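The structure appears below as structure tokens.
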Amino acid sequence: MASANQDPDYWPIHIARSDGKAYENLDHSSLDPNETKDVEQLERWEVIIAGHLQFQLAPKEEKRQFKLAGLPKGYELRCAVRKDFGRDYYLYGHPAGIKSNYRTPGDFVLHLLWLASDSTDYAQCSCDLCIKMVETIRQKAPQAQVSLPPAPPIPGQALPPAQGPTPAAKPLAAPAPAPAPGQTTPAGPVAAPAAANVSAAPPGMIGPPNVFRVGELVWYRQGAWRLGLVLGIRLKVGKPPQADNSYDYILAPLGHALLNQQNVTKEVADMRPFLTFSIPEVTIEELKDKSFESVDWRDFATRYANEPEPGKRAFKMQTVGLEASKIAARSINDSFSTFSRLGEGFTPDHMYRVQSFTGVYFGAEMVRVGDPIRVTAPAVVAIQDPLGDHSKPTTAVMLVSEIQLLTPAWPGNDPAAAAAGMNLQFRGNIYRTARAPLPHPPAFVHAATLGPTFDHELAGRNQIERDKKFAWGWMLIESNAVRAEADVQGRFYVTHKLMSIIDPARLQDSVQRGIIEEAQSYLNSRSHSGWNGRTTTGLYPRRAAAIGNAVATQFIAPQGLVED
Ligand SMILES: [Zn+2]
């Protein structure tokens with residue numbers, strides 16, 4: 001995104017990506033190149049902005065002075081002359097609109113960090129204008145098909161300077177090293193941390209090892225525990241971007257759209273993954289064993305809450321909402337919708353068409369290639385166990401390498417038969433955690449090769465482990481495994497992250513005793529909360545379709561996640 005070349009005073013930085021709108025007929029006046037104050041002010045913005053970028057993105061040993069080589073395309077600094085002839089400056093061009101402006105270089109830096117990152121999701125930008133824009137659009141969404149403006153494309157590479165050899169110095173864009181666990185990002189002149197760290201993650205998630213993702217069904221505390229859908233995740237100002245509790249989570253209460261329940265903003269302390277609790281039974285007789293779509297909710301609500309006394313009626317409407325949320329949760333739990341198709345082909349016998357995908361909304365959760373998921377263990381695991389460890393085996397965890405949807409290649413004229421023959425499957429190696437004396441036997445796999453979630457899991461376990469002659473590792477228990485929809489229990493969560501959310505006291509106790517809590521045993525499997533009367537495949541074209549009328553706000557899939 002950025003490059004530097006030689007200059008006696010300042011090294012220029014070019015920002016390769018811009019979403020500036022180059023509006024015409026803006027308020028205030030253009031800068032006057034003959035007005036010293038204007039010239040100085042523009043230079044001041046460029047130097048301050050470059051300084052912030054350097055602080056956030058450059059390696060610590062970088063000592064050169066930088067200056068922005070011009071504002072990003074489509075952005076314009078403008079001037080308002082006050083009555084006392086003082087001059088105020090405003091930066092225009094943000095896609096939120098012609099009236100939106102930044103008042104200080106520091107405000108704009110947050111947006112530049114986002115532009116410099118590889119995020120295409122405005123919800124991941126922590127600048128004020130983006131926060132307001134995302135909020136406005138989310139509020140408008142139920143009434144109209146309004147969506148966020150498309151983000152500018154990400155340039156493939158840092159652009160080398162047009163002339164001359166590549167400078168010897170590292171490009172400024174080199175990401176700052178991640179802080180060690182427990183160490184916080186140093187406080188600096190910019191209030192928010194580098195957005196670049198956040199947006200290195202795939203769309204809709206903070207990072208692969210983090211607990212909650214956009215579009216997931218969760219529990220949240222509102223007096224009692226309620227069901228909700230994660231609409232957005234937003235970094236709080238000045239917080240480290242890796243931690244779950246650095247974020248605000250915008251949730252749509254589950255129920256029915258006609259109840260028009262307002263979105264709520266929650267913190268992780270008041271949230272839990274859906275699979276940590278069971279859905280309570282439906283208490284109203286006529287709703288029992290009904291699917292969400294088979295109930296005429298308007299008719300039911302009118303009859304059920306037909307009370308002359310407003311207090312009583314409000315209470316009954318609340319009950320309608322609760323019952324609707326339970327039934328909706330079961331149907332969302334049973335659903336799945338794939339996204340970001342990778343390719344397609346046929347099974348070797350040509351009986352099935354095989355489409356593979358980057359990810360799938362799988363019931364309550366989002367699962368992507370590269371994620372660990374909890375699956376049924378291979379039957380022979382005890383025999384394969386080289387440790388002869390007869391204690392209760394830990395969870396079988398598949399590192400997902402492929403997500404495939406199989407449909408009959410010759411469905412004939414019967415769409416129902418085709419749908420019935422359709423199935424979702426997950427492929428990958430299966431591992432489990434095991435504790436063994438050092439050095440580890442060869443069956444243990446180097447965790448770093450398995451990805452960040454596996455790595456975080458071991459780091460957490462080994463930190464807690466009291467006997468340092470032992471260490472935890474990942475052991476391969478089945479290669480090239482295939483698991484059908486029914487054999488997948490749900491996402492695997494990093495134990496200490498999950499525990500810190502669902503039972504911090506117990507985690508504390510576990511740390512003190514030096515004994516690992518098997519947190520995954522607190523999780524239900526997806527089939528546990530299913531709706532017994534399910535007759536369909538559960539496949540929906542998009543997450544929003546699977547959610548249907550269960551929320552009052554239209555769900556917008558994170559930018560970069562391609563549904564269909
Ligand atoms: Zn922004």
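Report whether or not Lys73 is at pLDDT 85 or above and farther than 18 Å from Phe108 by Cα. Even if it seems obvious, please write down each step before you answer.
Values: at pLDDT 85 or above: yes; farther than 18 Å from Phe108 by Cα: no.
No: the conditions fail for Lys73.
Selection over the stretch 282-325 of residues that are farther than 17 Å from Ala552 by Cβ and free of Cβ contacts under 8 Å to residues at least 12 places away in the same chain gives a count of 16. Confirm whether Ser331 is modelled with pLDDT of 95 or more, of a type in the set (Ser, Thr, Tyr) and within 29 Å of the chain's Cα centre (by Cα). When the stated conditions are applied, Ser331 does not pass them.
Just to check your reading of the model, which residue among Arg513, Arg483, Arg543 is surrounded by fewer than 16 Cβ atoms within 10 Å (Cβ to Cβ) and out of contact with any Leu (no Cβ under 6 Å at 6 or more places or on another chain)?
Working: Arg483 fails: surrounded by fewer than 16 Cβ atoms within 10 Å (Cβ to Cβ); Arg543 fails: surrounded by fewer than 16 Cβ atoms within 10 Å (Cβ to Cβ).
From the options Arg513, Arg483, Arg543, the qualifying one is Arg513.
The combined condition, being free of Cβ contacts under 8 Å to residues at least 24 places away in the same chain and of a type outside the set (A, V, I, L, M), is not fulfilled by Thr276. With the requirement that a residue be exposed (fewer than 14 other Cβ atoms within 10 Å of the Cβ) and either within 24 Å of Ile515 (Cβ to Cβ) or acidic (Asp, Glu) (or both), what does the stretch 486-498 give you? None - no residue of the stretch 486-498 is exposed (fewer than 14 other Cβ atoms within 10 Å of the Cβ) and either within 24 Å of Ile515 (Cβ to Cβ) or acidic (Asp, Glu) (or both), so the list stays empty.
Of everything listed in (1) farther than 29 Å from Gly106 by Cβ; (2) crowded, with 23+ Cβ neighbours inside 10 Å; (3) not small (Gly, Ala, Ser), the single unmet condition for Pro241 is (1).
Where residues in the stretch 321-378 are part of a strand (DSSP E or B) and of a type in the set (A, V, I, L, M), which of them is nearest to Glu457 (Cα to Cα)?
From the stretch 321-378, those part of a strand (DSSP E or B) are 336-346, 352-362, 365-368, 372-375; that's our starting set.
Among the residues that remain, those that are also of a type in the set (A, V, I, L, M) are: 342, 354, 360, 366-367, 373, 375.
Values: Leu342: 29, Val354: 33, Val360: 23, Met366: 19, Val367: 18, Ile373: 13, Val375: 17 Å.
Across the stretch 321-378, the extreme among qualifying residues is Ile373.
Take the conditions within 21 Å of the chain's Cα centre (by Cα), near the ligand (Cβ under 10 Å from one of its atoms), modelled with pLDDT of 85 or more and surrounded by 23 or more Cβ atoms within 10 Å (Cβ to Cβ) and apply them to Cys130. Does it pass? Steps first, please.
Values: within 21 Å of the chain's Cα centre (by Cα): yes; near the ligand (Cβ under 10 Å from one of its atoms): yes; modelled with pLDDT of 85 or more: yes; surrounded by 23 or more Cβ atoms within 10 Å (Cβ to Cβ): yes.
Yes; evaluated as a whole, the condition is true for this residue.
Per-residue answers, yes or no, for (1) within 16 Å of Ser278 (Cα to Cα); (2) out of contact with any Pro (no Cβ under 9 Å at 6 or more places or on another chain):
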{"residue": "Val488", "(1), (2)": "no, yes"}
{"residue": "Lys497", "(1), (2)": "no, no"}
{"residue": "Ile501", "(1), (2)": "no, no"}
{"residue": "Gln508", "(1), (2)": "no, yes"}
{"residue": "Gln512", "(1), (2)": "no, yes"}
{"residue": "Ile516", "(1), (2)": "no, yes"}
{"residue": "Leu523", "(1), (2)": "yes, no"}
{"residue": "Gly530", "(1), (2)": "yes, yes"}
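Of the residues examined, Lys326 is one that is in contact with a strand residue (DSSP E or B) (Cβ under 8 Å, 6 or more places away or on another chain) and crowded, with 16+ Cβ neighbours inside 10 Å. Exactly one residue out of Leu507, Leu561 is surrounded by 15 or more Cβ atoms within 10 Å (Cβ to Cβ) and assigned to a loop (DSSP other than H, G, I, E, B), and it is Leu561. Does at least one position in the stretch 513-530 carry a residue that is free of Cβ contacts under 8 Å to residues at least 40 places away in the same chain and in contact with a Gly (Cβ under 9 Å, 6 or more places away or on another chain)? Looking for residues that are free of Cβ contacts under 8 Å to residues at least 40 places away in the same chain and in contact with a Gly (Cβ under 9 Å, 6 or more places away or on another chain), one finds none in the stretch 513-530, hence no.
If you check Gln404, Gln425, Gln489, which single one turns out to be at pLDDT 90 or above and touching a Lys or Arg at 6+ places or on another chain (Cβ under 6 Å)? Give the steps one after another, and end with the answer.
Numbers: Gln404 fails: touching a Lys or Arg at 6+ places or on another chain (Cβ under 6 Å); Gln425 fails: touching a Lys or Arg at 6+ places or on another chain (Cβ under 6 Å).
Going through Gln404, Gln425, Gln489 in turn, just one is at pLDDT 90 or above and touching a Lys or Arg at 6+ places or on another chain (Cβ under 6 Å): Gln489.
Only one entry of Lys266, Lys288 meets the criterion of being touching a Phe, Trp or Tyr at 6+ places or on another chain (Cβ under 6 Å), among the charged types (D, E, K, R) and farther than 30 Å from Glu402 by Cβ, and that entry is Lys266. Return the residues of the stretch 78-126 that are within 12 Å of the ligand (Cβ to nearest atom), free of Cβ contacts under 8 Å to residues at least 40 places away in the same chain and either out of contact with any helix residue (DSSP H, G or I) (no Cβ under 8 Å at 6 or more places or on another chain) or part of a helix (DSSP H, G or I) (or both); say none if nothing qualifies. If the condition is that a residue be within 12 Å of the ligand (Cβ to nearest atom), free of Cβ contacts under 8 Å to residues at least 40 places away in the same chain and either out of contact with any helix residue (DSSP H, G or I) (no Cβ under 8 Å at 6 or more places or on another chain) or part of a helix (DSSP H, G or I) (or both), then Asp107, His111 are the ones that fit.
The values are calculated or read from the model by the stated rules, or taken from the named source; none is laboratory data. None of these values were measured; they are calculated from a predicted model. Every residue, glycine among them, receives a Cβ derived from its backbone with ideal geometry; neighbour counts consider all protein chains shown.
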